[in-house]
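What follows is one structure encoded as structure tokens, with my remarks underneath.
The values are calculated or read from the model by the stated rules, or taken from the named source; none is laboratory data. All figures in this text were calculated on a predicted structure; none of them were measured in a lab. As a convention, Cβ positions derive from the backbone with ideal geometry for all residues, glycine included, and neighbour counts pool all protein chains shown.
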Amino acid sequence: MGDGVDSNCDGGESCYTDADNDGYRDSASTVLTSSDTDCNDSGEATSSDLTGDCNDANSAISPGDPEICDSSNTDEDCDGKADNDDLPSTGTTRYYKDADGDLYGATSDTGALRCDADTTYKVTNNTDCNDSNSSINTAATEIAGDKVDQNCNNTETCYKDSDNDGYRPDTTSTVSSSDTDCDDSGEAKSSEPTTDCDDTNASRYPGNTEITGDSVDQDCDLKEVCFIDVDNDNYTAVRPGR
């Protein structure tokens, strides 16, 4: 059958069916009787022709055809799956993995072509610099001084410590850093204390030793330690033994 030989001498040949003439026999291996022996006429196939045509009425559907993304969800390549990512394909979109579910794909992921998103490849961008933490992505709000780049811009918002004395002036003054450690000059982390009363002078911060009578509040308690001049004659009292 389908070998081009009239084995029973009836003047014809039993051929396989290729109704759409796309070079693939129908999946059921339907047989028809030909008026000659070559099995090369329209609708006929030989035993050497490929099998697996899942729609022998459409020449654009066969195991050799590319899968096409379409609204009809047609299985063009006869692999049992419609609109999957077999290549070459038409109308596909590159989707990326989103492990943390924040709708942003990992920057390290090269993605895969899909007709539609699936359970593995879910989103159409790969801008997430940490796909294991849903609070980190390009739309996240940066948290100052925590040494984490929440918005994936390769910088960190640090608190300000202009005089590098280990004390911040307040809870709102910030500076943009080119890295995330907040340890560079003028930078401070959120864990560093506040209430520096003069962030331009490294000798003024809470807890510093107060220098008596210099009219400077070294320890930022809004007070000054003064010498005693009870009679206001501009001379301080002499300590006993001096």
### Message
Looking only at residues that are assigned to a strand (DSSP E or B) and modelled with pLDDT under 90 in the stretch 35-70, which one is surrounded by the fewest Cβ atoms within 10 Å (Cβ to Cβ)?
### Response
Ile68
### Summary
From the option list Ile136, Ile61, Ile68, single residue qualifying as farther than 23 Å from Asp20 by Cα, touching a strand residue (DSSP E or B) at 6+ places or on another chain (Cβ under 9 Å) and of a type in the set (Val, Ile, Thr) is Ile136
### Message
Please verify whether Gln218 is surrounded by 13 or more Cβ atoms within 10 Å (Cβ to Cβ) and under 30 Å from Asn126 (Cβ atoms), treating the condition exactly as stated.
### Response
no
### Message
Just to be sure before I move on: is Leu32 among the aliphatic types (A, V, I, L, M), surrounded by fewer than 19 Cβ atoms within 10 Å (Cβ to Cβ) and either in contact (Cβ under 8 Å) with a residue 40 or more places away in the chain or under 30 Å from Asn153 (Cβ atoms) (or both) in the structure I sent?
### Response
no
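Conditions (1) exposed (fewer than 14 other Cβ atoms within 10 Å of the Cβ); (2) modelled with pLDDT under 95; (3) in a loop (DSSP other than H, G, I, E, B); (4) of a type in the set (S, T, N, Q), marked per residue:
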site	(1), (2), (3), (4)
Asn125	no, no, yes, yes
Ala139	yes, no, yes, no
Asp149	no, no, yes, no
Thr157	no, no, no, yes
Pro169	no, no, yes, no
Asp181	yes, yes, yes, no
### Query
Can we say Ser185 is within 34 Å of the chain's Cα centre (by Cα), exposed (fewer than 12 other Cβ atoms within 10 Å of the Cβ) and farther than 24 Å from Asn130 by Cα?
yes
### Task
Search the stretch 103-123 for residues being at pLDDT 90 or above and not hydroxyl-bearing (Ser, Thr, Tyr), and hand back the single one that is surrounded by the most Cβ atoms within 10 Å (Cβ to Cβ).
Gly105
